[in-house]
Amino acid sequence: MSVKVEDKELLELELLTQAIKMLYGWDFGQYKKESLRRSANRLASKHNLKNISELIPKLFCNELLLNDLLNCFSIPVTEMFRDPGFFLTLRKKIIPILKTYPFIKIWHVGCASGQEVYSMAILLHEEGMYDRARIYGTDINPLQLKKAKEGIFEVDQLDVYKENYYKSGGKHDLMDYFSLKYDAFIFNNKLRKNIFFFEHNIAQDHAFGEMNLILCRNVLIYFDATLQCRAINLFNESLCFGGALCLGVKESLDFMSINPGLELFDKEWKIYKKGFV
Ligand SMILES: C[S@@+](CC[C@H](N)C(=O)[O-])C[C@H]1O[C@@H](n2cnc3c(N)ncnc32)[C@H](O)[C@@H]1O
């Protein structure tokens, strides 16, 4: 009996994700299979392996491959002021609401290498809110979190970041917040004191905080519907009444049969509010 290549690869992928879970604790079991399958195939060819299952024994001893695999599966793509229109909407529609609170907590879920978190710090500073805010950046990928804590970015991204900042309603020069060093630019220390990065896995860990604002952009898109539901319920639990949840432009709550009590606040930028809008 011949087995279709796709079916064989899905079985190999299942074994690979089980091995990762047993050896390292990360559970990719409820991520979208097609995207994981493509990533695993790319990784196998990069390491000159014939198929996905050949990755499994390498996981025991090859740290480089494990790092590659984590980066492939978690897709840590990001930029500063990504989707400038979204940051402009935050500035115009969400910040005025947050200004009514004496103290605010913001959680960036799946923050990758931290650009979104530093963008938020700049935005809050320009709106006179930084000193009464705590900003938490979490991710499953420790390699990306290490980069996030360093706050050092490659200079070849600078032009895109400057343009995004300008389009997002930035009030100064982006370089007021960085110092240039060789081929990198480094985030200023004065805006780091209220930023905290740590590991948190929304597929496995619990809710935390009484957050005024949660951003989980371009993360749920990689999850199956069950895991998306888990994440949304966790965010709902972590949000205070009146708090807002921001998803990525290709994400929404439309797939949920039961509305968890989050109302659409901005349709274009997928911003939801807990309680009345
Ligand atoms: C495409 S990046 C999005 C980065 C940023 N939010 C943005 O929109 O620019 C997705 C990030 O989600 C993280 N991620 C994936 N699964 C996660 C999980 N279960 N819990 C927390 N973070 C996760 C990945 O490691 C990756 O850094």
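The values are calculated or read from the model by the stated rules, or taken from the named source; none is laboratory data. Because the structure is a prediction, the values reported are computed rather than measured. Cβ placement follows ideal geometry from the backbone for every residue including glycine, while neighbour counts extend to all protein chains displayed. Just the protein is used for accessible areas: all its heavy atoms, side chains included, with ligands, DNA and RNA removed. Shrake-Rupley method; radii C 1.70, N 1.55, O 1.52, S 1.80 Å.
Points to keep in mind about this one:
- Any hit, segment 155-176, residues being open to solvent by 20 Å² or more (accessible area, probe 1.4 Å) and within 29 Å of Ile20 (Cβ to Cβ): no
- Residue-level check: of (1) polar (S, T, N, Q); (2) in a helix (DSSP H, G or I); (3) near the ligand (Cβ under 9 Å from one of its atoms); (4) open to solvent by less than 30 Å² (accessible area, probe 1.4 Å), Ser113 misses just (2).
- As a summary of the residue check, Ile106 satisfies the conditions (1) out of contact with any Asp or Glu (no Cβ under 8 Å at 6 or more places or on another chain); (2) more than 19 Å from Tyr177 (Cα to Cα); (3) open to solvent by 10 Å² or more (accessible area, probe 1.4 Å) except for the one numbered (3).
- Within segment 250-263, tally of residues that are free of Cβ contacts under 8 Å to residues at least 24 places away in the same chain and open to solvent by less than 80 Å² (accessible area, probe 1.4 Å): 2
- Phe86 satisfies every condition listed in (1) crowded, with 20+ Cβ neighbours inside 10 Å; (2) within 13 Å of the ligand (Cβ to nearest atom); (3) closer than 18 Å to Phe198 by Cα; (4) of a type in the set (A, V, I, L, M, F, W, C) except (3).
- Pairs, first touching a residue at least 24 places away in the same chain (Cβ under 8 Å) in segment 1-16, second assigned to a loop (DSSP other than H, G, I, E, B) and exposed (fewer than 15 other Cβ atoms within 10 Å of the Cβ), C-beta under 7 Å, six or more apart: Glu12/Asn51
- Considering residues of segment 177-209 that are surrounded by 12 or more Cβ atoms within 10 Å (Cβ to Cβ) and farther than 19 Å from Ala148 by Cα only, the residue farthest from the ligand (Cβ to nearest atom): Gly209
- A Cβ distance below 8 Å, combined with a sequence gap of six or more or placement on separate chains, defines the contacts here; from segment 94-107, residues that are assigned to a loop (DSSP other than H, G, I, E, B) reach residues that are among the acidic types (Asp, Glu) in the pairs Lys99/Glu127.
- Taken together, the criteria place Asp224 among residues that are within 15 Å of the ligand (Cβ to nearest atom), open to solvent by 10 Å² or more (accessible area, probe 1.4 Å), assigned by TED's automatic domain parsing to the domain that holds Ile94 and over 22 Å from Ser113 (Cβ atoms).
- Scanning segment 1-23 finds no residues that are open to solvent by 70 Å² or more (accessible area, probe 1.4 Å), outside any helix (DSSP H, G or I), under 27 Å from Ala231 (Cβ atoms) and in contact with a helix residue (DSSP H, G or I) (Cβ under 9 Å, 6 or more places away or on another chain).
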